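Peer 1: Structure in structure tokens, see below.
Every read-out reported here was derived from the displayed coordinates using simple, explicitly stated rules and does not represent laboratory data. These numbers were taken from a predicted model, which means no experiment stands behind them. Methodologically, a virtual Cβ is constructed for each residue, glycine included, from the backbone with ideal geometry; neighbour enumeration extends over all protein chains shown.
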Amino acid sequence: MKTGTSKGKFYLALVIFSLVGQVAWVVENMYLNVFIYKMFHATAEQISLMVAASAVTATVTTLLIGALSDKLGKRKVFICAGYILWGLSILGFALIRTEIIGSLFFPAATMSTAVMSLCVTLTIVLDCVMTFFGSSANDAAFNAWLTDATDETNRGTAEGINAMMPLMAILVVFGGFMGMDQSKAGDWTLIFTIIGAVVTALGIAGFFFIQDTGVKIPENQNYFSNIFYGFRPSVMKANKPLYVTLVLLALFNISIQVFMPYLILYYTESLGLTDYVLIFAPAIILSAAFTAVYGRVYDKHGFKTAVIPTLAMLMVGYMILFFVRSTIPVFIGSLIMLCGFIGTGAVIGALIRDCTPKNKAGMFQGLRIVGQVLIPGVAGPAIGAAVLQNAETVVNSDGTTSFIPNENIFLAAFIAAIAAWIVLIPLCKLVKRK
């Protein structure tokens, strides 16, 4: 543990801010897709557009705010203020309802298709606003703070905790709202209100218990130069393992984003698992526990030993989910896939932090988001949408149609994961630690 941060407060901030931040990202990465599908009959192309627009916003935001937090030598204010505004923006989704939007823009109430199309557009725009605040707080400031506060002795353990939080967030959201009817606008309003209020409250509380790391940032830095610091050829040459790791991160997350935007819809619409939360929750708990412990493998044995088993598990999980349809096999496939997904993400994340130059964590968060969000967020859903282009459709009660995701998303994700293996082989030779 680095100086400037007490162990107790560090782990408290890590667990709470990571968990609540991931709860908010669940809203964006998984629930908004379901929201516009259920409420406004969004197409696969519209879902892909929303994910891509958010990915671009996240990348630009992290580049700007990450460099600014380095320039000022502060993380806390960006984290706390960002969470407050992040929560308020989530509350805004409660206002996107057909009766509200229709009364404002289409008083005649005869243009239901136009109303729903406008609602989709407004959701995409507000998603970008929410992403700006969320990326400022979480992607840029919180992740830079986490890099500052850890070292080679505990980075794998800390990253294991951080990496399990997306799964725990899914469990919290799905479990907390499993009784909600996702076809009713009022239930969505309640979901957005509760999550928005929690995120805002945490931002306020953070001012009282989160600690800046005390990392000394060199003075007289040029802010605009810092934004593009990580894109300099000289910096790339001097930090080759970091950039190869970022390529691996991009390919890995492309594989994830091929299926992830459509995963809940696949469970509910294609497999008909109306009780999917009860099936998914045990898989999440077990895979989260696995990841929390697995981070120590990286600390003790290094990158190569840790990453190969988890990436293999991810691909095995894909194949099981591609071939099976019944409840128990789907649970097994989901469990193996989730262990591979979060475990691999934790190991890659720990290596990125190990390879990040000291006192420049903020400058490199934008690059991390390029590999973690921008490239995968554009390419992955687009691949998924292309795979689902000729998917089966159903006619809704209002005469509109909706697509039904199929198992081909897992086959496409498997193929994308093969590309990750191709990059992994030379990277293992580059990494000198252990």
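Peer 1: With 23 Å as the limit, write out which pairs from 7/76; 76/360; 9/240 have Cα-Cα distances beyond it, or answer none.
Peer 2: Correct reply: 9/240.
Peer 1: Now, a different point. For Cα extents along the principal axes in Å, several values are listed as (i) 72, 48, 42; (ii) 62, 53, 40; (iii) 61, 45, 39; flag the one computed from this structure.
Peer 2: Recomputing Cα extents along the principal axes in Å here picks out (iii).
Peer 1: Cut-off is 10 Å between beta-carbons; in what order do 99, 28 appear when sorted fewest neighbours first?
Peer 2: Ascending Cβ contact count within 10 Å gives the list 99, 28.
Peer 1: From the phi of every residue in region 23-40, what ³J(HN,Hα) in whole Hz does the Karplus formula 6.51 cos²θ - 1.76 cosθ + 1.60 yield, where θ is phi - 60° and glycine or proline is x?
Peer 2: Result, ordered by residue: 4, 5, 5, 4, 4, 6, 6, 10, 6, 5, 4, 5, 4, 6, 6, 6, 8, 10 Hz.
Peer 1: I've got another one for you. Can you work out the Karplus-derived ³J(HN,Hα) for every residue in region 240-256? Use 6.51 cos²θ - 1.76 cosθ + 1.60 with θ = phi - 60°, whole Hz, and x for glycine or proline.
Peer 2: Along region 240-256, the couplings run 4, x, 4, 6, 5, 4, 5, 5, 4, 4, 5, 5, 4, 6, 4, 4, 5 Hz.
Peer 1: Oh, and also: Residue by residue through region 129-139, which ³J(HN,Hα) values in whole Hz follow from phi under the Karplus form 6.51 cos²θ - 1.76 cosθ + 1.60 (θ = phi - 60°), with glycine and proline marked x?
Peer 2: 5, 4, 5, 4, 5, x, 5, 4, 6, 9, 5
Peer 1: Something else about it: How far, in degrees from 0 to 90, does helix 185-209 lean away from the longest principal axis of the Cα atoms of the chain, to the nearest 10?
Peer 2: With rounding to tens, the tilt is 20 degrees.
Peer 1: Still on this model: Per the helix-only calculation at 222 nm, which mean residue ellipticity applies to the chain, given -39500 (n - 2.57) for every DSSP H run of n ≥ 4 and division by its residues, nearest 500 deg cm²/dmol?
Peer 2: When only DSSP H runs of four or more count, the value is -24000 deg cm²/dmol.
Peer 1: Using Cα springs under 10 Å in a Gaussian network model of the chain, which residue among 62, 305, 200 shows the largest mean-square fluctuation?
Peer 2: 305
Peer 1: Sequence-distant or interchain residues sharing an amide H contact under 5 Å with residue 42, placed H: which?
Peer 2: Placed amide hydrogens put 37 under 5 Å from residue 42.
Peer 1: Tell me whether region 51-97 comes out rounded, prolate or oblate; compute the Cα gyration tensor, take square roots of the eigenvalues as a ≥ b ≥ c, and use a/c under 1.5 as the rounded threshold.
Peer 2: Verdict is oblate for region 51-97.
Peer 1: Sticking with this one: Among 97, 155, 325, what is the fewest-to-most ranking by other Cβ atoms within 10 Å?
Peer 2: 325, 97, 155
Peer 1: Over the chain, what is the relative contact order in whole percent, taking alpha-carbon pairs under 8 Å and six or more residues apart?
Peer 2: RCO, the chain: 29 percent.
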